[in-house]
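Every read-out reported here was derived from the displayed coordinates using simple, explicitly stated rules and does not represent laboratory data. Keep in mind the model is a prediction, meaning the values are calculated, not measured. We place every Cβ from the backbone using ideal geometry, glycine too, and count neighbours over all the protein chains shown.
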Amino acid sequence: VHRQFPDALVLAELKAGGGEAMAREAACAAAAARSSPRNLAFISFDLEICSAMKRHAPAHDVLAVARCADEAAALALLREARARGLDGVDLHADVTAVTAAVVRQAHAFGLRV
């Protein structure tokens, strides 16, 4: 992908249940492929996987994926992502959860949304 589209951002989803070993393997694969942190980010619905991935590949962005039911749930996810040292969140585009206040708070925390 990067040879044809050098500015592309690839999102690699890590499935739940792989734990620390999967995060370590993904970090090694990214390093072996010489993937630039500017071109590769990791996402997962599993916050434990996100935390492990951030430990193993700290230069790469790691985002928590979630479908939040409302603004309060989205704000809680932002707090959790920040506490875990993640780079952002990937939220389902639902206006009941992804409000201007959520986006402002994410940016205030230094998170991508």
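Descriptive notes on the structure:
- Here the simple spin-label model places points 7 Å from the Cα toward Cβ, and for Glu13 and Ser36 these points are separated by 2.6 nm.
- Projecting label points 7 angstrom from Cα along Cα→Cβ for Ala73 and Phe5 puts them 3.0 nm apart.
- Once the gyration tensor of the Cα atoms in the range 28-88 is diagonalised, the equivalent ellipsoid follows with semi-axes of 24, 10, 9 Å, ordered largest first.
- Its residue count N sets the reference 2.2 N^0.38 Å, and the alpha-carbon radius of gyration of the chain equals 1.07 times that reference.
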